[in-house]
Amino acid sequence: MKNKIWILATLILMTIGFVACSNNKNTDDNTQSLESKDLLDSKGVRDLVVLVDGEERFYLLEGKIGEDKQMAYLHIKEAIPMYNKTGDSQVPLIAEIRLPDVWNEKINAKEYISVTLDSKTIHFAKDANGDLIVSGAWNAVFQYEPEISTWEQNSIYKNQPFYFKEYSKGLNEVAFAKAGFTTTKDIKQSGDDVSILYEEVLESPFIAQDIASKDKLNAAFAYSATNINDLKEKLNSQAVKNFEKYQKDEGFKYNTQSIQNSSVDYIDDKILVFSNIVYNYRGGAHGATSNTMEAYSLANGDKISNKISDLLDINEQNKEQFLSTLNPYLQSQKDNIFSDALPLKVLPNVFFVSSKGIIFIWNTYEIAPYAAGDIRILVPYNDLSSYLKADSAFAYLFKPAQ
């Protein structure tokens, strides 16, 4: 069985890698410092934002870091995976803050920090209107050692002061519920007694904020749940059904894991986009991780196609030219890619939208070995405009900001 901590670290790093946003509006210049009493630990933050066990929370924020006005994504998540929970004690929390409009070329991802809340290094408070305020210094306190040196060497805003406040327009908060099912069975395997593990963790978003498309959105991705606890119960029921099917179809032959991680990847006044990362292990040397985009219209709750063929007009006549457009953006990663992968011959199967351009993704083994993970590049909209399908729901993103 693979090391579970490594699995969680992989999911966290991937999730960080695929974050993007628009909404680069003017923000309040107020960068006031909060008091030391607002340096909250996990329990303090849970109490402040009313976070129940098994719930995570996303906030869209606006403010400043250093002298730069920025939008920010705050994701408050549990630091211990569900399958490692013991007893009834509340799980420690992590705060991830990402700058969705700042692409860090050194890590091919958005600029971010990750902080264990029990380190008490970030200020959390609410103003008189009940809006969340987050401030501090742009320094990371990582849960896993391998992340530290990479962040220290590559962060753009390291040590800079920041002050962010809940964005005041439109959808600015999304809850996430986690639930699952875990069990073991002792069997005979090659004459030895072996304990076989089965575990599944499901995660789904939930919209509590009163927006016009709320009910349709929750019907699409939250089992039409009425609140976060209802969603947890529905997820748990689904996990049990999945186990019953697994037991009938496959039985306990090898250790089995399925871990789903969902997060807000992009949000503006028109669309809401999730990154869905799934890790599956079915015996063997290691599991497989995949990442897909799931997008919805905020106006009517309709799901938006995540097929590249519905975004860009690529055919046999222009395929080679399109791939040649992508080649330069892979040069910085050529040491991690198969020697015969460049110039590109394989179209990416996954894309994400961002405020700066399209993020293309090649999943594990498509153009690089397992150790390299997935390969991603950000290509500016200007470089792709000649391929755009005019009727794409994402076409408005290709237009220059006014």
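Read the figures in this text as sums done on the coordinates, not as results from a lab. These numbers were taken from a predicted model, which means no experiment stands behind them. Please note: Cβ atoms are built from the backbone with ideal geometry, for glycine as well, and neighbour counts cover all protein chains shown.
Worth pointing out:
- Each residue of region 178-192 is assigned a 3J(HN,Hα), and the resulting list reads 10, 7, x, 9, 9, 7, 10, 9, 8, 9, 8, 9, 6, x, 9 Hz, derived from the Karplus form 6.51 cos²θ - 1.76 cosθ + 1.60 (θ = phi - 60°), x at Gly and Pro.
- Cα centroid separation - region 116-187 against region 315-393, whole Å: 30 Å
- Whole-Hz couplings from phi, Karplus 6.51/-1.76/1.60, listed for region 267-284; x for Gly and Pro: 8, 9, 7, 10, 9, 10, 10, 10, 9, 10, 9, 10, 9, 10, 10, 10, x, x
- Percentage relative contact order, the chain, counting C-alpha pairs under 8 Å, at least six apart: 14 percent
- Annotation: lysines with alpha-carbon distance below 27 angstrom to Lys234 (same-chain offsets under eight excluded): Lys4, Lys43, Lys77, Lys85, Lys178, Lys185, Lys214, Lys216, Lys245, Lys248, Lys303.
- Straight-line cross-link partners of Lys106 among the lysines, defined as a Cα under 18 Å from its Cα and at least 8 positions apart when in the same chain: Lys158, Lys334, Lys356.
- Residue among Thr256, Thr226, Thr183 with the largest mean-square fluctuation in a Gaussian network model of the chain, springs linking Cα atoms under 10 Å: Thr183
- Cα-based shape type of region 240-343, given that a ≥ b ≥ c are square roots of the gyration tensor eigenvalues and the cut on a/c is 1.5: oblate
- Charges were assigned to the Cβ only: +1 to each Lys and Arg, -1 to each Asp and Glu. The resulting dipole of the chain about its Cα centre is roughly 440 debye.
- Exposed loop sites here are GluC sites (Glu not before Pro) assigned a DSSP state other than H, G, I, E or B and surrounded by at most 12 other beta carbons within 10 Å; excluding them, the longest clear run of the chain is 106-249.
- For region 212-263, applying the loop criterion from DSSP together with a ceiling of 13 other beta carbons within 10 Å to the trypsin sites (Lys or Arg not before Pro) yields Lys253.
- Over the chain, dividing the summed -39,500 (n - 2.57) contributions of all DSSP H runs of at least 4 residues by the number of residues returns a 222 nm mean residue ellipticity of -5500 deg cm²/dmol.
- Couplings 3J(HN,Hα) for region 158-168, derived from phi with the Karplus relation 6.51 cos²θ - 1.76 cosθ + 1.60 (θ = phi - 60°), are 3, 6, 6, x, 9, 9, 10, 10, 3, 5, 9 Hz, where x marks Gly and Pro.
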